[in-house]
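Trainee: I have a structure I would like to understand better, so I am pasting it below and will then ask my questions one at a time.
The values are calculated or read from the model by the stated rules, or taken from the named source; none is laboratory data. The model shown is predicted, which means the values in this text are computed figures rather than measured ones. Here the Cβ positions follow ideal geometry from the backbone for every residue, glycine too, while neighbour counts run over all protein chains shown. Heavy atoms of the whole protein, side chains included, go into the accessibility calculation; ligands, DNA and RNA do not. Shrake-Rupley method; radii C 1.70, N 1.55, O 1.52, S 1.80 Å.
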Amino acid sequence: MRIRDVYIVDAVRTPIGKFGGAYAGVRPDDLAAHVVRALVDRTPALDPARIDDVVFGDANGAGEDNRDVARMAVLLAGLPVTVPGVTVNRLCGSGLEAVIQAARAIALGDASVAIAGGVESMTRAPWVVQKPERAFPAAHQQLWSTTLGWRMTNPAMPEEWTGSLGEGAELVADKYALTREDQDAFALESHRKAAAAWAAGEYDAEVVPYPGVDLLRDECIREGSTIEALARLKPAFRTDGRGTVTAGNASPLNDGAAALLLTDEAGLAVTGREPLARIRASAVTGIEPQLFGLGPVEAVRRALEKAARGFADLTTLELNEAFAAQALGCLEAWPELDRAVVNPRGGAIALGHPLGASGARLAGSVAHQLAAAGSGTGMAALCIGVGQGIALVLER
């Protein structure tokens, strides 16, 4: 069986909204439908009926994104009802998982044209309540927030595996002796690069504002932030004087969506477009759950090995910044990497991290960066809660 080349023809995303911000009144299935529709509209030569599948990542799926949000996006976007859709969940890696699964289907000949993406509304994630063990309970029942993190945890899980995400970032900081100052400086640079990229128009090719919402760029970028301001923030997870992780050096809670158009050679000819990049290799790995932040370390190494490439070949690396400590820990583990290629347009600390969408955003950003440069090798990588890492290599 011949393995087919897979091309990224186009990639779009919404501006990322902050928790309770511009998208507070927008359903996640509508966010997903918007990027799907925008992607199709940008390729008028493509008959939407030729789309073989739509694969979307979604980390929570407990609210308005239930009932297979990918299929809901297809229908709400006005695509033919013959276009199917499937939703995948690899937590923070869900959007990149969607890209990998769609690319795999194309590579194996199961599809020729596919849309892959991701969506999350952390603002609209609902509270849930478990069914009572017996009928008509007289006592109060506990509500659980589905916005982020562990809930309804299985008691068989070892306690060290089920700590907070912030405590996991603190463990990475301990492991690599990363100081509060290191993390704050990294966070400040993320905001600086993001603001500069927007000012230079570097996001113009990929961002498609949501109609009726007054949000033209990512909502969480703090251009006026300073080291002094970051230093005044109190540690959010360790309050015993040893804490280094704060709201300022961690990614915020966010809402947003992203989508990519993938094809094989035959599908590419139908679009009439030049591709942004070609998918070269991917990898997914596991690690101790409490050290989830270091998940990308081995995933990136394996993806590079599969692609027959090394760190010196990377011209851009989009590494999701769940926490500054987590991102810095990964960089410490890759001494061969030139840090100048990492997140050149800012990262999730500034841009935001809508869980299910982030992986698709990273892949799309890498593809657009390679297209702008004209050539190169790029990587998208994310850490994943409960201890996983995911990575994708693109080339042009």
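Trainee: How about the stretch 10-39: which of its residues are of a type outside the set (Val, Ile, Thr), within 12 Å of Met122 (Cα to Cα) and open to solvent by less than 30 Å² (accessible area, probe 1.4 Å)?
Mentor: The answer is Gly17, Gly21, Tyr23, Pro28.
Trainee: For the stretch 162-180, how many residues meet the condition of being farther than 17 Å from Ala236 by Cβ and modelled with pLDDT of 95 or more?
Mentor: The number of residues fulfilling the criteria is 3.
Trainee: Separate question: Checking the structure you have, find out if any residue of the stretch 115-127 is over 28 Å from Glu265 (Cα atoms), without any contact (Cβ under 8 Å) to a residue 40 or more places away in the chain and either surrounded by 12 or more Cβ atoms within 10 Å (Cβ to Cβ) or touching a Lys or Arg at 6+ places or on another chain (Cβ under 8 Å) (or both).
Mentor: Yes.
Trainee: Only one of Ala363, Ala367 is within 10 Å of the chain's Cα centre (by Cα) and part of a helix (DSSP H, G or I); which? Before the answer, list the steps.
Mentor: Values: Ala367 fails: within 10 Å of the chain's Cα centre (by Cα).
Of the residues listed, the single one that is within 10 Å of the chain's Cα centre (by Cα) and part of a helix (DSSP H, G or I) is Ala363.
Trainee: Could you please tell me which pairs satisfy a Cβ distance under 6 Å, a separation of 6+ or placement on different chains, a first residue in the stretch 252-272 that is farther than 18 Å from Gly118 by Cα and open to solvent by less than 10 Å² (accessible area, probe 1.4 Å), and a second residue that is part of a helix (DSSP H, G or I) and aliphatic (A, V, I, L, M)?
Mentor: Once the first residue is farther than 18 Å from Gly118 by Cα and open to solvent by less than 10 Å² (accessible area, probe 1.4 Å) and sits in the stretch 252-272, its partners that are part of a helix (DSSP H, G or I) and aliphatic (A, V, I, L, M) give Asp264/Ile106.
Trainee: Looking at this structure, is Leu230 modelled with pLDDT of 95 or more, in a strand (DSSP E or B) and either open to solvent by less than 40 Å² (accessible area, probe 1.4 Å) or among the aromatic types (Phe, Trp, Tyr) (or both)? Give the steps one after another, and end with the answer.
Mentor: Working: modelled with pLDDT of 95 or more: yes; in a strand (DSSP E or B): no; either open to solvent by less than 40 Å² (accessible area, probe 1.4 Å) or among the aromatic types (Phe, Trp, Tyr) (or both): yes.
Here the answer is no, as Leu230 does not meet what is asked.
Trainee: Can I ask one more? Please state which one of Thr239, Thr285 is among the hydroxyl-bearing types (Ser, Thr, Tyr) and open to solvent by less than 30 Å² (accessible area, probe 1.4 Å).
Mentor: Thr285
Trainee: Yes or no: Asn66 open to solvent by 20 Å² or more (accessible area, probe 1.4 Å) and either in contact (Cβ under 8 Å) with a residue 24 or more places away in the chain or among the aliphatic types (A, V, I, L, M) (or both)? Give the derivation first.
Mentor: Details: open to solvent by 20 Å² or more (accessible area, probe 1.4 Å): yes; either in contact (Cβ under 8 Å) with a residue 24 or more places away in the chain or among the aliphatic types (A, V, I, L, M) (or both): no.
Against the criterion (open to solvent by 20 Å² or more (accessible area, probe 1.4 Å) and either in contact (Cβ under 8 Å) with a residue 24 or more places away in the chain or among the aliphatic types (A, V, I, L, M) (or both)), Asn66 does not qualify.
Residue-wise test of (1) assigned to a helix (DSSP H, G or I); (2) out of contact with any Pro (no Cβ under 9 Å at 6 or more places or on another chain); (3) not β-branched (Val, Ile, Thr).
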position	(1), (2), (3)
Ile279	no, yes, no
Phe292	yes, yes, yes
Val297	yes, yes, no
Arg301	yes, yes, yes
